Every structure is written in structure tokens, then in C-alpha cells.
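Asker: Quick one: structure below, then a few questions.
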């Protein structure tokens, strides 16, 4: 792809999704024996849909979110999902779900028991396969036998990949993702987990509603944000700008704009995210290791971004080779944009054009 | 520089230095009015020397350490400093000091007052200029008017650069460093600082000896280690290897080797490092912003490493341009090694050859 000049107007926050409780529905999909050995009674999955399912139920697309996302794909992926967009809600029946283990309506550690207590550590560790199993049950309830497509970025891409191993899927689009986390990716997640686990308020995962390891979760989110951006993103957005001052105060408070940004993002995150979900989801990401695509009958599109140092392009090359080895039709594109890992959320142009062609072909 | 195959035998820890209390000396260099407004009575600086000062005191080299280093340069930079090495202790009189604000013998937040309490928050924030001022006083006490050279990597490179603005220095070698931290570099430091500041045991910096924010400091060190290595380093060292097991336990304990490594490094660090020093030194690093080299009469060598994403080569290009703009003689080399930022500690071959020529010319 051709390079682009940095456009500050294009650069926005990762999590500009607004909760859309009014459009969110909850489906009960029964008990689940988890791959890691746990058991969850009465799994519920939060989902939203846009567009109309056609008469032969052949136009459904499932969108899988990344670590901090939710079912509201038309919010967090607004440059990709909507009328006339790459995932065209005028053409497709689009389903967004909150992942198993998450905290936006689907069963997770923050789910309350009959006495109003968080499940906490009673909620087991889950896998990408478990997340896909829950989505499959929902899709089946919606009367869909085969998906036109499944799409997702980062953790969502892993779910999309796993869908093609376990479900019936014509097309799979993974963006800014990989088949298995590398040591460095695991390490970044682990630093965040340790920030949470080492805080007394973690309480083994069994903190009360409204309490919990806010400082640890905030630091984990700061670490995450650093990994989602690129040096160029940080530089263009903040440089060495000071926060509401003309000269250093020379103390340990906020001096630089980037410090303010990270603390703001970290603290905001704690208002909407359950620390238990952070542990369950990052564990599922790190555990995931797709060895091959044997048995898949899907077509694949893999997109990656030049400035994404968290999910570098060689991981998409590896995915491409895996699809080739399985005899599947595959497209791959590396897109030259400077926004780091967040490019997959911010780019409504380059990856959208490729994905639109892929989904419509 | 030519590329090299990854050699696991070359890959060792960042901090293999052993404290060398027996060879460490302490010099009293008087009171200091700090640039940021604070004042320190009775500054002491820990230092070590190797080799012999020649008759006209023209063969002295000062080595400045990085964030977690100390005066024992022959330990942490053993591939560069020693008999017959690039900084040849048979030829030069080599001086290693612990930086002002550090915690290995030089005055810092961990220095004890007359009642045995840490100075803590009574120790002021300092700048690279303050660190250099202390080193200058020491060098003067040692009877040296002009340094043959000053050398350092990372934070040590910043001190070396500042020496050429404030002191009398013939040659300056900066490796894996920059003229000013970028927003991303500040952000990485800030995530670590927040891990410390948000821990109750931080106590505003005034924790007791043997106490303190060990968990926050450990997390900060984990973040640091992630930034010091490259994806290739992590991959070659750990891959997805499990820690003392053949299959996942599926809990929140250590599963992967890389998790064990990070927690080990983090916890080990808390045994030898004062959290107050972590704050003071990272602040000094982030504050530093060398605008130009006006007034310098030094020659410069800047080395950088292809895999160092923390201090990328373009920052050395910027340094080179600054030296050119000041009319100084300058050499710059980008070295192709896969070890990330730690390359400057691990490479005793490529940068050593260049530095040896530069220092001897």
C-alpha cells in the first residue's frame, strides 16, 4: 500500500465506543464445559445486530472485538461497520457480541450471582475456543447455519481464526492479529497482569462490586496504550508538550501531556472494565496457539500495518503460510500507516477497501 | 554494519554487574544548588578507577551509567571496559561514578540522615546537568583538567553529551541514546513511575529502610525490561516455552518462561534499587532536552542499533546533525544486532571496534 502523511484529525482514541445498552440484547446459551476444565452454568451472551438477515440466512457477518471492546461494533469500529462501509449493514446482517469472560453483558468474572456478588474467581479461565463456542450457539439461535464472514482485529482476529476451525464460515478477515502470541506479546500482557495481581485490592479476584484493583488495572491499561501506539503516533500527538504549564514544576506530578494522557486513559478504563475480565481475556489471548488450519473451508484475508510493532507483519505472513498450507484461498496486505496497532481501529480507508472487495467477491 | 546471526550465548542479563564495595571509593564534593531549585548539603559521589593517570593527566575517561547501573563500569560494561578492550584500562585512566540521585553510594533519596532515616522526599529532583556538575567536581579533585573522553549509553549517553557542554572533553561517545526523550520514551518511564506512585508503600517517597513499594518497583522494572529487549530477543530466549511444566495449569500463576523471567528480574531489582532513585533518575532522563552543542569543542561518536526500538537510530541521526550544526567532527554508526536496547551492553565487538578507533585517533 502507498504511504500516507500523518493526519492528526484521523488520530482519535482507541475506545471511543459508547455503551449502547438500549440496543444490546442478551441471549441465554446454556451451560459450558470449558476447555481449560472449568464449568459455567447458564452462559449469557450480550449481542447487537445491524441490517437484515436475508431469506436464506446467507449474509451474516460476526464481528469479534479486541481486549477492551464490546458488542457495539458499530461504535468502536465505526470506520468499518455501517451503511455503505466495508462491513455494509445495508448488505449484511452484522452481529456484534461481547466475548465470553468480558464485562459488557456476557458472562464473566464480573457477572453477579444470586446474592449480588461478583463471580470473581469462581469464573474459570476460558479459551478462544470457548468464546467461539458461545458465539456459535448464539448464531445458531439466530437461525444461521453458515456465516458469510467473521472479522476481527487483535484478540478479535484470533476468535475469527478459531471460528474457521470450529464453525461454518465462508470468509475470515483478521486484521492486526496473529496465530499465537510471541514471548514479547505475552510479556507485555504479563506486566499488566502483575500490576493487578500485586495490588492488595485484587483479593484473589474476589473483590466487591465497585471496589477492586483500580490502580493496578490503570497501570495495566497504560502499558497497553503504550503498546497500541507507535513512536510516530506518540510524537505527533504529544511530542514533549507540557500539560497546562509553560515550565516544569519539578515534582512527581504530571509534567508532560503524554503523562496526563496515559493516566487519563488508565483511570477511565477502570470505570468500565472489570479487572477479572482483564485477567481472563489476556490469559485467553496468551494461551491461544493455532497450529494449523486443517479442516477449514474458509477463504482468508490478513491485513497488518507497518507501524504495528505489537502485531508485526511477519505474524500475518505466518498466517498466510498456514492458509496456503491448508490449501485455502488467501489474500494478505501490509498497509503503510503510522498509527501503530491502533491502525486497525483508525483506518477506514485502506484496509476497508481491501476488506470490502474480499467480503463481496 | 553487517548483520549477525543471533547468538544465544551472547545474550545475557542486563544487570550482571556485581557490587564491588571493596574497590568503591567515596568523594565528598560539597553542597550543590540544583538546577531544579533544590539544595543538597554535603554531596558524596561513589566512584571507582582503573588504569593509571599519565603524567600530564591527559588520558582520563569518565564512564556514565544507565538507569540501573553504578560505578562498577568494568562489571556492567565488561565487554567494553578492561585491559585491551575498547576503553582500554592499560592505556586510559578510567573513572566510573554512580550518578547523583542513584543508590549505589552517591547521594540520593536512599542516603541516610544522621538519625538513620532515608532522605526520601527531602532529596530534590536533579537534572543531567547536576549529575555532570558532581562528576566534574570529582574529576577536578582527581587532578584532571580535561578529559580525554566521556562515554555512556542510554541515560549515560545523556550525561556524556551534557559533559561536552559544561566540561572540558576531547571526545564524547554516546551509544543507544538521544538528545531528548520522545513522548513514547517518557510514556514508558511514566507507566513505571505510576506503578510506584500508586502503591501505598510509596509513602510519598518517605518509606523506611528495607520497606518501600516493592511491587510497584518490580512492575516498573518489568516494563523496563520489555523496552530493553527486542521481539527477536524475547523470541529467541523464550519463545512460547512453559516454565517447569509440559502443559498449562490454567491459573493466574506463572505459565510461560517469559513470565518467570520478568517477575524474577522485577523482584531481583527491588533488592538492590531504591524506588526514590527510580523516580529521581527517570525524571532527570525525561527532563533532559539538549537543544544544541554551542560552545562544545568535543569530537563525537554516536552509535545505535537496528533492533533498539526504545532509542531508535533516527535519534542518533538527530545528534549527528546537532554536532554538524555546531561545526564539530562527528562519526555515526548504526549497528545491525538483534538484541534491542540491551545491544549497547551486550555488543563487545562491533561498537567496540568503532569506539576503539574513535578514542585512539
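Asker: From the list B:50, B:76, exactly one residue is in contact with a helix residue (DSSP H, G or I) (Cβ under 9 Å, 6 or more places away or on another chain) and surrounded by fewer than 22 Cβ atoms within 10 Å (Cβ to Cβ). Which is it? If you could, list the steps in order and put the result at the bottom.
Answerer: Details: B:76 fails: surrounded by fewer than 22 Cβ atoms within 10 Å (Cβ to Cβ).
B:50 is the lone residue from the list that is in contact with a helix residue (DSSP H, G or I) (Cβ under 9 Å, 6 or more places away or on another chain) and surrounded by fewer than 22 Cβ atoms within 10 Å (Cβ to Cβ).
Asker: Which is farther than 23 Å from residue B:184 by Cα and either out of contact with any strand residue (DSSP E or B) (no Cβ under 9 Å at 6 or more places or on another chain) or in the same structural domain as residue B:146 (by TED's automatic domain parsing) (or both), of B:284, B:275, B:294? Spell out how you get there, then give the answer.
Answerer: Values: B:284 fails: farther than 23 Å from residue B:184 by Cα; B:275 fails: farther than 23 Å from residue B:184 by Cα.
Among B:284, B:275, B:294, only B:294 is farther than 23 Å from residue B:184 by Cα and either out of contact with any strand residue (DSSP E or B) (no Cβ under 9 Å at 6 or more places or on another chain) or in the same structural domain as residue B:146 (by TED's automatic domain parsing) (or both).
Asker: Being within 9 Å of chain A (Cβ to nearest Cβ) and surrounded by fewer than 18 Cβ atoms within 10 Å (Cβ to Cβ) is the requirement here; does residue B:239 meet it?
Answerer: yes
Asker: Output the residue which, of all residues in region B:203-224 that are facing another protein chain (nearest Cβ under 10 Å) and surrounded by fewer than 21 Cβ atoms within 10 Å (Cβ to Cβ), is nearest to residue B:111 (Cα to Cα).
Answerer: Per the stated criteria, the residue is B:204.
Asker: Would you check which residues across region A:276-301 are at the interface with chain B (Cβ under 9 Å from one of its Cβ atoms) and either free of Cβ contacts under 8 Å to residues at least 12 places away in the same chain or surrounded by fewer than 21 Cβ atoms within 10 Å (Cβ to Cβ) (or both) and list them?
Answerer: A:289
Asker: Here is a check on your reading of the model: is residue B:282 part of a helix (DSSP H, G or I) and more than 26 Å from residue A:275 (Cα to Cα)?
Answerer: For residue B:282, the condition - part of a helix (DSSP H, G or I) and more than 26 Å from residue A:275 (Cα to Cα) - is met.
Asker: Do we find that residue B:245 is more than 9 Å from chain A (Cβ to nearest Cβ) and either on the phi > 0 side of the Ramachandran plot or assigned to a helix (DSSP H, G or I) (or both) in this structure?
Answerer: On the way: more than 9 Å from chain A (Cβ to nearest Cβ): yes; either on the phi > 0 side of the Ramachandran plot or assigned to a helix (DSSP H, G or I) (or both): no.
Against the criterion (more than 9 Å from chain A (Cβ to nearest Cβ) and either on the phi > 0 side of the Ramachandran plot or assigned to a helix (DSSP H, G or I) (or both)), residue B:245 does not qualify.
Asker: Quickly run through region B:173-189 and pick out the residues that are in a helix (DSSP H, G or I), more than 7 Å from chain A (Cβ to nearest Cβ) and touching a strand residue (DSSP E or B) at 6+ places or on another chain (Cβ under 6 Å).
Answerer: none
Asker: Condition first: over 15 Å from residue B:277 (Cβ atoms) and in a helix (DSSP H, G or I). Now tell me which residues in region B:196-214 satisfy that.
Answerer: B:200, B:201, B:203, B:204
This table checks each residue for (1) out of contact with any helix residue (DSSP H, G or I) (no Cβ under 7 Å at 6 or more places or on another chain); (2) assigned by TED's automatic domain parsing to the domain that holds residue B:67; (3) over 29 Å from residue B:185 (Cα atoms); (4) in a loop (DSSP other than H, G, I, E, B).
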position: B:104; (1), (2), (3), (4): yes, yes, no, yes
position: B:126; (1), (2), (3), (4): no, yes, no, yes
position: B:134; (1), (2), (3), (4): yes, yes, no, no
position: B:144; (1), (2), (3), (4): yes, yes, yes, yes
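Asker: Confirm whether residue A:313 is under 25 Å from residue A:146 (Cα atoms) and at pLDDT 95 or above.
Answerer: Judged against the criteria, residue A:313 is not a match.
Asker: Inspect region A:195-209 for any residue being under 18 Å from residue A:307 (Cβ atoms), in contact (Cβ under 8 Å) with a residue 60 or more places away in the chain and touching a helix residue (DSSP H, G or I) at 6+ places or on another chain (Cβ under 8 Å) and give the result as yes or no.
Answerer: Within region A:195-209, not a single residue is under 18 Å from residue A:307 (Cβ atoms), in contact (Cβ under 8 Å) with a residue 60 or more places away in the chain and touching a helix residue (DSSP H, G or I) at 6+ places or on another chain (Cβ under 8 Å).
Asker: Could you check region A:347-359 and list, in sequence order, the residues that are part of a helix (DSSP H, G or I) and more than 18 Å from residue A:64 (Cβ to Cβ)? Give the steps one after another, and end with the answer.
Answerer: Narrowing region A:347-359 to residues part of a helix (DSSP H, G or I): A:350-359.
A:350, A:353, A:354, A:356, A:357, listed by residue number.
Asker: Take residue B:192 and tell me if it is in a helix (DSSP H, G or I), crowded, with 24+ Cβ neighbours inside 10 Å and either within 14 Å of the chain's Cα centre (by Cα) or within 14 Å of chain A (Cβ to nearest Cβ) (or both).
Answerer: Considered against the rule, which asks whether it is in a helix (DSSP H, G or I), crowded, with 24+ Cβ neighbours inside 10 Å and either within 14 Å of the chain's Cα centre (by Cα) or within 14 Å of chain A (Cβ to nearest Cβ) (or both), residue B:192 comes out as yes.
Asker: Related question: Looking at residue B:172, is it in contact (Cβ under 8 Å) with a residue 60 or more places away in the chain, within 19 Å of the chain's Cα centre (by Cα) and under 21 Å from residue B:360 (Cα atoms)?
Answerer: Yes.
Asker: Considering A:53, A:32, which residue is in the same structural domain as residue A:134 (by TED's automatic domain parsing), assigned to a loop (DSSP other than H, G, I, E, B) and more than 19 Å from residue A:358 (Cβ to Cβ)?
Answerer: A:53 is the lone residue from the list that is in the same structural domain as residue A:134 (by TED's automatic domain parsing), assigned to a loop (DSSP other than H, G, I, E, B) and more than 19 Å from residue A:358 (Cβ to Cβ).
For every residue, the table says whether it meets (1) buried (at least 24 other Cβ atoms within 10 Å of the Cβ); (2) farther than 20 Å from residue A:296 by Cβ.
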site	(1), (2)
A:98	yes, yes
A:104	yes, yes
A:112	no, yes
A:117	no, yes
A:135	yes, no
A:138	no, yes
A:141	no, yes
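Asker: Right, something else. Quick check: anything in region A:77-94 in the same structural domain as residue A:355 (by TED's automatic domain parsing), outside any loop (DSSP other than H, G, I, E, B) and without any contact (Cβ under 8 Å) to a residue 40 or more places away in the chain? Steps first, please.
Answerer: Kept after step one, since they are in the same structural domain as residue A:355 (by TED's automatic domain parsing), are these residues of region A:77-94: A:77-94.
This time we only want the ones that are outside any loop (DSSP other than H, G, I, E, B), so: A:81-82, A:87-88, A:93-94.
Okay, now just the ones that are also without any contact (Cβ under 8 Å) to a residue 40 or more places away in the chain, so A:81-82.
Taking every residue of region A:77-94 in turn, at least one turns out to be in the same structural domain as residue A:355 (by TED's automatic domain parsing), outside any loop (DSSP other than H, G, I, E, B) and without any contact (Cβ under 8 Å) to a residue 40 or more places away in the chain.
Asker: Out of curiosity, is residue B:55 away from chain A (no Cβ under 14 Å), out of contact with any strand residue (DSSP E or B) (no Cβ under 7 Å at 6 or more places or on another chain) and over 21 Å from residue B:147 (Cβ atoms)?
Answerer: no
Asker: Can you find, within region A:252-275, the residue that is farthest from residue A:201 (Cα to Cα) among those that are within 7 Å of chain B (Cβ to nearest Cβ) and either part of a loop (DSSP other than H, G, I, E, B) or in contact (Cβ under 8 Å) with a residue 24 or more places away in the chain (or both)?
Answerer: Applying the filter and picking the extreme gives A:258.
The values are calculated or read from the model by the stated rules, or taken from the named source; none is laboratory data. Everything numeric in this text was worked out from a predicted model, so none of it was measured. Cβ coordinates were reconstructed from backbone atoms using ideal geometry, including for glycine residues, and neighbour counts include every protein chain displayed.
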